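The numbers here are math on the coordinates, done by the rules we state, and not lab data. What you are looking at is a predicted structure, and each value in this text was computed from that prediction instead of being measured. Here the Cβ positions follow ideal geometry from the backbone for every residue, glycine too, while neighbour counts run over all protein chains shown.
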Amino acid sequence: MTAIPDTFRAYVAERLDDRVERGVRDFNEPDLPSGEVEIRVEWSSVNFKDGLATKFDGKVARLSPLIPGIDLAGQVVASEDASIPVGASVLVHGYDLGVARHGGYAEYQRVPAAWVVPLDGLTARDAMAIGTAGFTAAMSVVALEERGLTPADGPVLVTGASGGVGSTAVAILGERGYEVWAVTGKEDEIPRLRDLGATGFLTRDEVSVEGKPLESARWAGAVDAVGSAALPYVLRTLRTGATVASSGNASGPKLETTVLPFILRGVAMLGMDSVLVPIERRRQIWDRLAADLRPRSLGENVTELTLDTLEDGLDGIVAGAARGRWVVRIA
Ligand SMILES: NC(=O)c1ccc[n+]([C@@H]2O[C@H](COP(=O)([O-])OP(=O)(O)OC[C@H]3O[C@@H](n4cnc5c(N)ncnc54)[C@H](OP(=O)(O)O)[C@@H]3O)[C@@H](O)[C@H]2O)c1
């Protein structure tokens, strides 16, 4: 028995020979995959990967037609799992959602129970203001602290600071008392980043120039979602024993560096993959996002979209125009 109506609205991306056809359609319930939990989606969000999932050369979508949306939050309307009751507020992200299985840009979705995160202490909108990007920022902070980083250790650098991962990292680190330095290519974002907790700023140009294999050791830790244009600088300026959490390739995937930061300063580079985080760890990090990892000013300064205006976000994020997070009001 399903609690999902026969048809509902969804934003669909369908790959044709020479383009991806995108737009809102009536979607038929039987075309959803099987799963133990049915959710009435209230909010979703726009991540870099969502933008790529709707582009012809994006190399992200593994299903066509696909309802994209790697994040969703809403209310359970049917469940075969006693630990996830009808009426519960939940979120889902990661695994195949919005990539190889229909995702969050739909009024209803059906998912495996093993992917569901109970929402405790966060509204559905706030959860999507965090979303996969903010979760990845939280994972990065957790990883740095698990390697011993504390606010007393010194300044922490965040690259791509105006974007989803970057701005949430600034807001989490700022709230936790770190001295946060932000790298941004958008000068007009500096006041917002200062409000989120950044106290020092570098321009993209300052970090993307070529440099010596080792430069002044400045950073006690770093969060990088930019990749090729920033990570070489980060590595050659980390302090002895410091770590960078590397999650993204907003500027490209190539990494040109030397081994000297690793062998002469003992720095570490930790890879962040939010997609395959086991569900127990995922739920723990979300619990902490509602508590001690709660980003400063959560839910403020987000841009609200709907299914009908979604394309502004999908195209904007791929064009590097992100300013914080886009949330999508579905219900
Ligand atoms: N590993 C994971 O599990 C995971 C999870 C989420 C995201 N990601 C990845 O992390 C990256 C960022 O995601 P996001 O959602 O934060 O994207 P986003 O909102 O678009 O933010 C990326 C930011 O990077 C900077 N940037 C963009 N293009 C650049 C360029 N050519 N050179 C230098 N800086 C550039 C911009 O910040 P400024 O203008 O402030 O410089 C931009 O706002 C993406 O590659 C995404 O795929 C990975």
Inset, instruction - State the answer as a single residue: which of Ala245, Leu298, Ser79 lies farthest towards the positive end of the charge dipole of the chain, with beta carbon charges of +1 for Lys and Arg and -1 for Asp and Glu, about the Cα centre. - result: Ala245
Inset, instruction - Would you kindly derive the ³J(HN,Hα) couplings of segment 157-164 from the backbone phi angles with the Karplus curve 6.51 cos²θ - 1.76 cosθ + 1.60 (θ = phi - 60°), listing them in order in whole Hz, with x for Gly and Pro? - result: 9, 10, 9, x, 5, 7, x, x
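DSSP loop GluC sites (Glu not before Pro) in segment 42-150 with at most 12 other Cβ atoms within 10 Å of their Cβ, which ones?
Working: sites: Glu42, Glu80, Glu107, Glu145, Glu146; in loops: Glu80, Glu107.
Those satisfying the criteria are Glu80.
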Legend entry - Asn28-Val77 pseudo-label distance in nm [points 7 Å out on the Cα-to-Cβ vector]: 1.8 nm
Inset, instruction - Work out Dmax and Rg for segment 223-331 from the C-alpha atoms and quote the Rg first, both in angstrom. - result: 17.4, 54
Legend entry - For segment 275-288, 3J(HN,Hα) per residue [Karplus equation, 6.51 cos²θ - 1.76 cosθ + 1.60, θ = phi - 60°, Hz, x = Gly/Pro]: 5, 9, 4, x, 4, 5, 5, 4, 5, 5, 5, 5, 4, 6
Inset, instruction - Hey, can you grab everything whose amide H is under 5 Å from the amide H of Ala78? Only 5+ residues off in sequence or another chain; H modelled, so Pro and N-termini drop out. - result: Glu38
Inset, instruction - State the number of lysine pairs found in the chain whose Cα atoms come within less than 24 Å, restricting to pairs 8 or more positions apart or on distinct chains. - result: 7
Inset, instruction - Could you go through segment 86-100 in sequence order and give the Karplus-derived ³J(HN,Hα) for each residue, using 6.51 cos²θ - 1.76 cosθ + 1.60 with θ = phi - 60°, rounded to whole Hz, and x for Gly and Pro? - result: 4, x, 5, 8, 9, 9, 9, 7, x, 6, 8, 4, x, 10, 10
Inset, instruction - Would you mind ranking Asp50, Asp57, Asp315 by Cβ crowding within 10 Å, fewest neighbours first? - result: Asp57, Asp315, Asp50
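Looking at the chain, what % of its DSSP beta bridges pair antiparallel, to the nearest 5?
Working: 33 of 58 bridges.
Looking only at bridges with both residues in the chain, the antiparallel portion is about 55 percent.
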Inset, instruction - May I ask for the distance between the Cα centers of segment 57-103 and segment 106-124, given as a whole number of Å? - result: 7 Å
